[in-house]
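Heads up: the structure comes next, in structure tokens.
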Amino acid sequence: MIHELPVRPRPLPHESIEGYLLRIVARNGWQQSGQLLKHVGLPAKYYVDSPDKLIKLCEKLAPFVRIVPEGLIAHFSDQLSHKWLYDEKRALQDLRVRFPRLCPLCVNQTGFHWHWSLATVSHCEAHNHELWDHCPECDEPFGWNAELFFGCPNCDYSWEAESAPDLPAHQQQFRRLLANSIGLQDFIHDLTLALRAISRPYDSIHDNRGYWPTSQRRLSESITAAYELLTEPEALKGWLSHCAYARSDLMPLGTEVVLSPISTFTNKLRGQWPIQKTVVNNNVTVPSSAITASHVDGWIRPSRLRLTRDDFELRFQANAREVQHALGLPKGSIIILIESGAVEPIHQSRIPRDQFFDLRDLEAVIAAIPEVNQLPENHIRLVNNDKILKQHRIKYIDVLAGVFSGSIPAFRPAGSRNLSCIFVDIDDLLLFLLKCQPRCRISGKMVKSTKYYSEEEIAAFKRFLDQRV
Ligand SMILES: [Zn+2]
Ligand SMILES: [Zn+2]
């Protein structure tokens, strides 16, 4: 038999479902939301992130508060109906955070506004007050505790308002976009991308995160900083110089590789932001220290964290795509580089998505090919999509594999910081091509190539063929 609760408050306008649960808890003398959830027959950690879960909660809760389930569902379902709340392709897929955030000026009168759970909202719109997710006095992160309506459950500090100036620009923009919804999705996309950049500023590998990590507080400050990153070229320049410092071990691979976290970020932005005009160039002033980013939990996939706990190591990890890019090689090169023993993944996996590498290893890979100041005699310059290779249906990466396995000696231009161009001996190359394509003959195709290679090179090819074919 279900006993109605002694005090049965009605949901307030704009109140979040979690806030409503906590208010019932507070009015009935409990401490934690989990106690109420267990009382109505749900797990203590039950989070409503889908309409199905809302219906289940309302059906369980309704008899205890003497409200028909449909009434409760109707009250809260609007909050779950917005398409922009969840987007699988976003840096932060679910915009709703799982911990309480509050405005100390109104939480006790109007309850927890459902906007306060959004990772794009940093201030109470009624009071322009920053939302707190931890105690300003003792720093303790908030859990769903009934005392939060008045003060800190940890140190008993009673809520006192801090002076609140105007609503910050990002909050005003979010409010405007909510009202007419054009551009809202792009705004959220870019702001969550910046939130991730703030949390992990030196990483090359990023996964989309399900929701804002519960261990990472001061979300309102992060939102403000993220918006600054999007709108203030000075903030981006600061990130640039700190990134140059934090990733300076990669300098031998060139500035583009060192600063790739920034270019990856700016390339992914959907909206038009002032920072897109900021030129990312070589003239980076390196500061004396890096910004420390220690938000590891929640942002790094557990499979990677198991292998690398050290935050310093994480910043040099890259996926196959970035390794190829850093080496100046086309898509699909990585498999051949691994097979030839030139590159070794930190984590060997059959799923390419799970394979990752240490960018610092690439310096040695490039240095394995000696530098020369100019093209040596009887050598040709080879690049990806080279005509001679196309004619023989051989890929540039196959030649490089030959170089790494020791069957073709090669050089690279002095000062080059990747493998996009090598110099190889014509005879060695032809021997290699013939080995790869045993039925290859000098033919009409060879005539075409005269437009591309000098007479001496062609003569060398022919001499070679005469001897061997
Ligand atoms: Zn308020
Ligand atoms: Zn406290």
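List pairs: first in region 169-183 and in the same structural domain as His82 (by TED's automatic domain parsing) and of a type in the set (Asp, Glu), second part of a helix (DSSP H, G or I) and loosely packed, with under 12 Cβ neighbours inside 10 Å, Cβ under 8 Å, 6+ apart or cross-chain?
Sorted first by the residue in region 169-183, then by its partner, the list stays empty.
In region 422-434, is there at least one residue being under 24 Å from Ala320 (Cβ atoms) and surrounded by 14 or more Cβ atoms within 10 Å (Cβ to Cβ)?
Quick first cut of region 422-434, residues under 24 Å from Ala320 (Cβ atoms) only: 422.
Then drop every residue that is not surrounded by 14 or more Cβ atoms within 10 Å (Cβ to Cβ), which leaves 422.
Yes; the residues of region 422-434 include at least one that is under 24 Å from Ala320 (Cβ atoms) and surrounded by 14 or more Cβ atoms within 10 Å (Cβ to Cβ).
Return the only residue of Asp190, Asp186, Asp203 being in the same structural domain as Asp249 (by TED's automatic domain parsing), farther than 30 Å from Gln355 by Cβ and under 17 Å from the mean Cα position of the chain (by Cα).
Asp186
Within region 112-142, how many residues are part of a loop (DSSP other than H, G, I, E, B), more than 11 Å from ligand 1 (Cβ to nearest atom) and buried (at least 16 other Cβ atoms within 10 Å of the Cβ)? Steps first, answer last, please.
Residues of region 112-142 that are part of a loop (DSSP other than H, G, I, E, B), as a first pass: 112, 119-122, 124-129, 131, 133, 135-140, 142.
Now narrow it down to the ones that are more than 11 Å from ligand 1 (Cβ to nearest atom): 119-122, 133, 135-140, 142.
With buried (at least 16 other Cβ atoms within 10 Å of the Cβ) added as a condition, the list becomes 119-122, 133, 135, 142.
Going through region 112-142 one residue at a time, the tally reaches 7.
Only one of these is in contact (Cβ under 8 Å) with a residue 12 or more places away in the chain and farther than 25 Å from Arg209 by Cα: Leu72, Leu118, Leu54, Leu95. Name it. It would help to see each step written out before you state the result.
Details: Leu118 fails: farther than 25 Å from Arg209 by Cα; Leu54 fails: farther than 25 Å from Arg209 by Cα; Leu95 fails: farther than 25 Å from Arg209 by Cα.
None of the other options fit; the residue is Leu72.
Assess whether Ser117 counts as being closer than 22 Å to Asp166 by Cα, in contact with a strand residue (DSSP E or B) (Cβ under 6 Å, 6 or more places away or on another chain) and away from ligand 2 (no atom under 16 Å from the Cβ). Talk me through it step by step, then tell me what you get.
Details: closer than 22 Å to Asp166 by Cα: yes; in contact with a strand residue (DSSP E or B) (Cβ under 6 Å, 6 or more places away or on another chain): yes; away from ligand 2 (no atom under 16 Å from the Cβ): yes.
In short, yes.
Looking at Val25, is it at pLDDT 95 or above and not in a helix (DSSP H, G or I)? First the steps, then the outcome.
Details: at pLDDT 95 or above: yes; not in a helix (DSSP H, G or I): no.
It is false that Val25 is at pLDDT 95 or above and not in a helix (DSSP H, G or I).
Just to be sure before I move on: is Thr110 more than 16 Å from ligand 2 (Cβ to nearest atom) and out of contact with any helix residue (DSSP H, G or I) (no Cβ under 9 Å at 6 or more places or on another chain) in the structure I sent?
yes
When the residues of region 150-164 are narrowed to those that are within 35 Å of the chain's Cα centre (by Cα) and at pLDDT 95 or above, which ends up nearest to ligand 1 (Cβ to nearest atom)?
Out of the qualifying residues, it is Cys152.
Which residue pairs have Cβ atoms closer than 9 Å, lie 6 or more positions apart in sequence or on different chains, and pair a first residue in region 122-144 that is among the polar types (S, T, N, Q) with a second residue that is near ligand 1 (Cβ under 9 Å from one of its atoms)?
The qualifying pairs are Ser122/Leu131; Asn128/Ala164.
The values are calculated or read from the model by the stated rules, or taken from the named source; none is laboratory data. All of these numbers come straight from a predicted model, not from anything done at the bench. Glycine gets a Cβ as well: all are built from the backbone with ideal geometry, and neighbour counts include every protein chain shown.
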